[in-house]
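Input: a single structure, listed below in structure tokens.
The values are calculated or read from the model by the stated rules, or taken from the named source; none is laboratory data. Note that the structure is a prediction, hence the values are computed from the model and not measured. With ideal geometry, Cβ positions are generated from the backbone for all residues, glycine too; neighbour counts draw on all protein chains shown.
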Amino acid sequence: MNREQREVLADLAEGNIRFSCSMADYTTFKVGGRIEALLGIEKIENLLRVVQFLRREGISWFVLGRGSNLLVMDGDVPGVAIRLKGAFDAIQEEDSRERKCMAGAGVSLGQLLEFCRRKGYGGTAFLAGIPGTVGGAAIMNAGAFGRDMSSLISGLQMVTPMGDVVERDRDTLSFSYRKLEMPEGGVVTRVWMKLEKSTTPEVAGKIREYLRRRKKTQPLEYPSAGSIFKNPPGDHAGRLLEEAGLKGERRGGAMISAKHANWIVNRGGASAQDILDLISLARRRVREKTGIELELEIKVVGQ
Ligand SMILES: Cc1cc2nc3c(=O)[nH]c(=O)nc-3n(C[C@H](O)[C@H](O)[C@H](O)COP(=O)(O)OP(=O)(O)OC[C@H]3O[C@@H](n4cnc5c(N)ncnc54)[C@H](O)[C@@H]3O)c2cc1C
């Protein structure tokens, strides 16, 4: 980006911009090179103008939630990461009888769970322990314990790659396993959810139970991005990886967890390349042993 482009972006972000930021500080893996600029956008008008500007200028960009499903490579990352804040970071109850609420895409899943616990609204407890945003969880159709985001969402607002705001009803949205079909470069800005009838103690109990189950089976003591690979149809990536003898394999500071073979953990000082090397090793071994080609669940950004 040239100086003029930086100045325009700083203006559109109302000063909420940082240049040359280490992505290791913004991802749960705690790895990644420096991105040219990190923008915090607080209003939809500014988001529209930013998206239009970036498209017109041919500057690459992506939305950054909590960086909990991202592997950012070690080299400098050209372009911009956009974080949704301010107006995108609020939850509103729209109809208490119907338990309908609207959450901004920048709201953390932790905030959403706390809202549901306080109100006694059910249906979201499966999200306990997933360290993402509502927008990131919608795009990824995040799920656990047999449920996923598609079971909660009744509609969403998005900004199209052309910079228009559109609202989409649930029946026009296409969710599949860990995926929401979106036009490339679309940004989820708001999500409407219809929650279930419950009580505060019941919601609190379910959250505790799910967190307990995670602690038992997942290596939460180290930085990671959760599951690396999607489960292939009718099977579990973790099982295939374990049977291929991959638990405990190390490259530099990265290790295939001994607790859960579908998790790679940063044991300290890992580079993104260490993690990518383990991913290649895991894929090759599983392919050789079973003929199955594992598909990445995490998103890789940069070089
Ligand atoms: C400890 C741990 C446990 C986890 N457990 C689970 C689990 O049980 N189930 C599960 O499904 N996942 C799990 N994950 C993965 C991850 O938390 C989820 O995928 C989460 O929904 C990602 O949200 P995020 O806001 O961090 O998105 P990010 O990682 O920041 O982004 C992920 C992708 O979504 C895009 N994106 C983010 N926000 C938007 C938006 N508003 N509009 C358009 N695109 C957007 C990004 O550009 C990127 O391509 C886990 C991760 C960790 C670290």
- Note on the structure: Scanning the range 133-172 for residues that are in a helix (DSSP H, G or I) and within 11 Å of the ligand (Cβ to nearest atom), the one surrounded by the most Cβ atoms within 10 Å (Cβ to Cβ) turns out to be Val134
- Query: Out of the range 173-201, which residues are over 30 Å from Gly58 (Cβ atoms), out of contact with any strand residue (DSSP E or B) (no Cβ under 7 Å at 6 or more places or on another chain) and either away from the ligand (no atom under 12 Å from the Cβ) or not in a loop (DSSP other than H, G, I, E, B) (or both)?
  - Reply: Phe175, Ser176, Thr199, Thr200, Pro201
- For the range 41-65, how many residues meet the condition of being closer than 24 Å to Gly110 by Cβ and surrounded by fewer than 21 Cβ atoms within 10 Å (Cβ to Cβ)? 4
- Name the strands (runs of 3 or more DSSP E) wholly inside the range 18-118 in which the number of residues that are within 18 Å of Gln157 (Cβ to Cβ) is 1 or more. 34-41, 61-63, 77-84, 91-95, 100-104
- Which one of the conditions (1) crowded, with 19+ Cβ neighbours inside 10 Å; (2) more than 18 Å from Ser271 (Cα to Cα) does Asn16 fail to meet, given that it meets all the rest? (1)
- Are there any pairs, at least 6 apart or on different chains, whose C-beta atoms fall under 6 Å, with the first in the range 46-73 and away from the ligand (no atom under 12 Å from the Cβ) and the second modelled with pLDDT of 95 or more and among the polar types (S, T, N, Q), and if so, which? Glu57/Gln5
- Query: If you check every pair at least six apart or on different chains, which have Cβ atoms under 6 Å apart with a residue in the range 228-245 that is in the same structural domain as Ala261 (by TED's automatic domain parsing) first and a residue that is surrounded by 15 or more Cβ atoms within 10 Å (Cβ to Cβ) and of a type in the set (Lys, Arg) second?
  - Reply: Lys230/Arg178; Ala244/Arg285
- Task: Give the number of residues within the range 275-302 that are within 16 Å of the ligand (Cβ to nearest atom) and farther than 15 Å from Asn262 by Cβ.
- Result: 4
- Query: Condition test on Leu211, is it touching a residue at least 40 places away in the same chain (Cβ under 8 Å), on the phi < 0 side of the Ramachandran plot, in contact with a Gly (Cβ under 9 Å, 6 or more places away or on another chain) and outside any loop (DSSP other than H, G, I, E, B)?
  - Reply: yes
